[in-house]
Amino acid sequence: MQMQYQLAVLDLDGTMLSTDGELPVTVRRSIAAVKARGIKVTLATGRRICRTLPWARTLEIDIPVVAHNGAVVVNPESGAVVSKQGISLSAANQVIDELLHLSIPFLVYRGEDQGEMGLLLEQFSQHRTEFLTFIDDQVELVSKLDLKSNPIKIAVLGQDYQLNPLLDDWQERYGSAANLIVYRSDNYIGVDFICRDCSKKSGVEYILKQLDLDFSRVLAIGDDYNDLALIEAAGLGAAMGNAPVPVKQAADYIAPTNDEDGVAHVLQQFCLPREME
């Protein structure tokens, strides 16, 4: 039987992983079965490289994976960066100057290697725990930023009342130079500034060129706004049951939640007919 989909693209947090950050056994088995049928599997996530590769290696993924929301594409076997796009240095410095003026904490990622941490200025060291809690990521304290090349990401963190009034203005002023990705959790808002043309979709597009495939052969599964363009472009775009309403509305299929093994359900439904019964 000829399979319609030749590449399955999976988000990590809120999609493949349960809320407690675990990989459900049923999801792992379904991914292995998909690969056994010759369908390629990859990851597309907002995580940095070193928090993406362990999952890629656990699943024995042998094609590039997308990290930093498409700003970086990485070979999971060697850890080598095969594609990297950053924010222009001039735009990055404008954003940084404004954040410093407003005393809003932020991290800067240069995207140089898989061991890199986000750079946090010492003047914001009191916010280190907030970054660790919100993005579950280690940071490196620095006394100053001395950027020599285009950074791949500026990650901003603040409370609703601080950032909500700024979002529309930032989009208007920086939208021509950067893609602004917004995350919400409890009373906090996170904003990632990445390259204007970068997205999970652009990262997957790079992979498709290497595989000589097009989006009609892609099955993509995600749960948040940063998955939206990819879900819309894919031959079949599935939204998790825990996704926001606009993401569900854009999807071809709505899966159960990440705590209900939604990824396994989608793979069994569209890639493994009757196989996993």
> Taking the condition buried (at least 23 other Cβ atoms within 10 Å of the Cβ), out of contact with any Ser or Thr (no Cβ under 9 Å at 6 or more places or on another chain) and either modelled with pLDDT under 95 or assigned by TED's automatic domain parsing to the domain that holds Glu116 (or both), does Gly79 pass?
Replying inline: no
>> Just to verify a result, which residue in region 187-234, among those that are free of Cβ contacts under 8 Å to residues at least 60 places away in the same chain and of a type in the set (A, V, I, L, M, F, W, C), is nearest to Tyr5 (Cα to Cα)?
In response: Phe215
>> Which of the numbered conditions does Ile152 fail, given that it passes all the others? Conditions: (1) modelled with pLDDT under 95; (2) among the hydrophobic types (A, V, I, L, M, F, W, C); (3) surrounded by fewer than 24 Cβ atoms within 10 Å (Cβ to Cβ).
In response: (3)
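Kindly indicate which of Leu267, Leu228 is out of contact with any Pro (no Cβ under 9 Å at 6 or more places or on another chain) and surrounded by 17 or more Cβ atoms within 10 Å (Cβ to Cβ).
On the way: Leu228 fails: out of contact with any Pro (no Cβ under 9 Å at 6 or more places or on another chain).
Among Leu267, Leu228, only Leu267 is out of contact with any Pro (no Cβ under 9 Å at 6 or more places or on another chain) and surrounded by 17 or more Cβ atoms within 10 Å (Cβ to Cβ).
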>> Name the residue that is surrounded by the fewest Cβ atoms within 10 Å (Cβ to Cβ), counting only residues in region 235-251 that are touching a residue at least 12 places away in the same chain (Cβ under 8 Å) and assigned to a helix (DSSP H, G or I).
In response: Pro246
>> One residue is enough: does region 19-32 have a residue meeting the conditions assigned to a strand (DSSP E or B), in contact with a strand residue (DSSP E or B) (Cβ under 7 Å, 6 or more places away or on another chain) and at pLDDT 95 or above?
In response: no
> In this structure, is Glu60 of a type in the set (D, E, K, R), more than 17 Å from the chain's Cα centre (by Cα), at pLDDT 95 or above and not in a strand (DSSP E or B)?
Replying inline: yes
>> Filter region 81-105 down to the residues that are within 18 Å of the chain's Cα centre (by Cα) and among the hydrophobic types (A, V, I, L, M, F, W, C) and list them by number.
In response: Val81, Val82, Ile87
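The values are calculated or read from the model by the stated rules, or taken from the named source; none is laboratory data. Predicted, not measured: the structure shown is a model, and the values here were computed from it. Every residue, glycine as well, gets a Cβ built from its backbone with ideal geometry; the counts of neighbours run over all protein chains shown.
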